[in-house]
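The values are calculated or read from the model by the stated rules, or taken from the named source; none is laboratory data. Since the model is a prediction, treat every value here as computed from it, not as a measurement. A quick note on method: Cβ atoms are made from the backbone with ideal geometry, for glycine too, and the neighbour counts reach across all protein chains shown.
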């Protein structure tokens, strides 16, 4: 966890640097709003369709490798990669042709020129979808092989290339420099993972093998994970859509104000989820005591996280002033963004624990539990966004996310206690019977 946390910290510092340079170049402008909405929608589809592969495939890959050998496990991930690549390419093609329809729910309040710009930026970044599918499979395999640092650091390619494009082409290309930088960066990131796979002796070419029991198990787990991530991952889209209704610059203010939270979420929950997933999957195969592991990790995480978050909230305005108040970013924007940041930080402790719970559920192949939790998350988030933004403006959206995160985490724990009480202490075969 420490290794991944440090590496993800470096990655998110690179991402934060991209946002800082973007803020100095474009401020809280229409162009910045258009880019952030377009990038967020592309990221949503990538995280949902490609990110679900990780949770669905990794436990089955570990089980197949441990019980049937590496050769059959390799056939499994080649099959998954082939199917995922085709599906994500098809989705990207459809979205390219229907960009105006796809973007309408998220940018309907934009004026016509701003909406057209958003759709154009969206099309530029759509190649990231099939690239994300392949990269997700490669990163998952490297994680099961005990390789965490370099696969994690490879994610920094996208923000670093974006910064380069921003520095080199911002004057001539405007906001398109960020869109092209994101797409080229994703391609370079995937290339780096390919080199790592070859270095470890893995085959990187996808192959359409015949359907097997393991592949059917991955597909069976994929759909509930997809539904869960679709609703959970839709929260930023809901947040940004509500922010778009609050006036010019609100989308940018929400993006800047949640940047520290995004960095800490990657360092904290992101590191926990990445490190613990192969470990939990192995514990499930071995029939270890999962309840004790969950309780121990959660206690340590909360003891470290809560004091840190309290300190960051206290110094929220100086942090924003230090990193953002330059160029087009004025003191009035600092006040708004600091307020957003302060409420956004509240979600970190519950997000840390929820990362543990989600990975444990996926390791136990109980992803069917995610759907009801995700439905609660999406519904509550939308309701609180609308209600709190009326009284608190864009800061209310950040507070909504914190409340929703806490309630959903408690609900998931309740589901585990009521639906999987025996499975937490049983071997995989007996746990499957109890489910």
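Points to keep in mind about this one:
- Residue identified as in contact (Cβ under 8 Å) with a residue 24 or more places away in the chain and either in contact with a strand residue (DSSP E or B) (Cβ under 8 Å, 6 or more places away or on another chain) or closer than 30 Å to residue 332 by Cα (or both) among 56, 25: 25
- Among (1) at pLDDT below 80; (2) under 19 Å from residue 416 (Cβ atoms), the one test that residue 299 misses: (1)
- Test: residue in the range 27-43 that is at pLDDT below 80, surrounded by 22 or more Cβ atoms within 10 Å (Cβ to Cβ), at negative phi and over 23 Å from the mean Cα position of the chain (by Cα): yes
- If you check 331, 318, 307 for being within 30 Å of residue 118 (Cβ to Cβ), surrounded by fewer than 19 Cβ atoms within 10 Å (Cβ to Cβ) and either touching a helix residue (DSSP H, G or I) at 6+ places or on another chain (Cβ under 8 Å) or modelled with pLDDT of 70 or more (or both), only one passes: 331.
- Whichever residue in the range 149-164 is without any contact (Cβ under 8 Å) to a residue 40 or more places away in the chain and surrounded by fewer than 22 Cβ atoms within 10 Å (Cβ to Cβ) and, among such residues, is farthest from residue 14 (Cα to Cα): 164
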